[in-house]
1. Using the 10 angstrom Cβ neighbour count as an exposure proxy, how do 90, 9 rank, fewest first?
2. As a footprinting exposure proxy, order 12, 34, 61 by other Cβ within 10 Å, with the fewest listed first.
3. For region 5-58, divide the Cα radius of gyration by the Kirkwood radius and give the resulting Rg/Rh value with two decimals.
4. Report the full-extension gain for the segment residue 18 to residue 84: residue separation times 0.36 nm, less the Cα-Cα distance, to one decimal in nm.
5. Packing-wise, with mean Cβ within 10 Å as the measure, how do 50-56, 82-88 rank, highest first?
Ligand SMILES: C[S@@+](CC[C@H](N)C(=O)[O-])C[C@H]1O[C@@H](n2cnc3c(N)ncnc32)[C@H](O)[C@@H]1O
């Protein structure tokens, strides 16, 4: 399976690259999300992410849901423009600069992309992420 230039055949290379090239803040973000998710286990409600971009953290929420609860425990809902980063007409210059740097570093988000991830064999569920229409 290929998604946006990444191949599932090269998953271990992608993992190695993440650890080789990521600053500690990337792991810190994962640990912070893990700690946050642990605090909602057993509580009612859903997870809503405002700003999905390429779905890294959205997939992480779904993964943590499976690890700490189960695939059906709650919904994980993502909102995004799924295109160019929206910039309000009265945005401050520093915000416009941020968006320019953000898009230069990572290109635009997944407009029209349908994400699909099959669970590992040990887990019987499959989930599909797709932008709202
Ligand atoms: C920093 S990225 C999100 C990163 C993601 N949460 C992660 O950790 O992998 C911010 C996202 O929010 C989206 N966004 C920002 N303002 C928005 C708005 N007003 N309406 C819809 N999407 C917006 C951008 O297009 C971008 O994809």
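1. Fewest to most other Cβ atoms nearby, the residues stand as 90, 9.
2. Details: 12 8, 34 14, 61 19.
Going from sparsest to densest Cβ surroundings: 12, 34, 61.
3. 1.05
4. 21.3 nm
5. Highest to lowest by the protection proxy: 50-56, 82-88.
No value in this document is a laboratory result; all are computed from the given coordinates. Note that the coordinates shown come from a computational prediction; the quantities given were computed from them, not determined experimentally. Because the Cβ atoms are built from the backbone with ideal geometry, glycine has one as well, and the counts that use them run over all protein chains shown.
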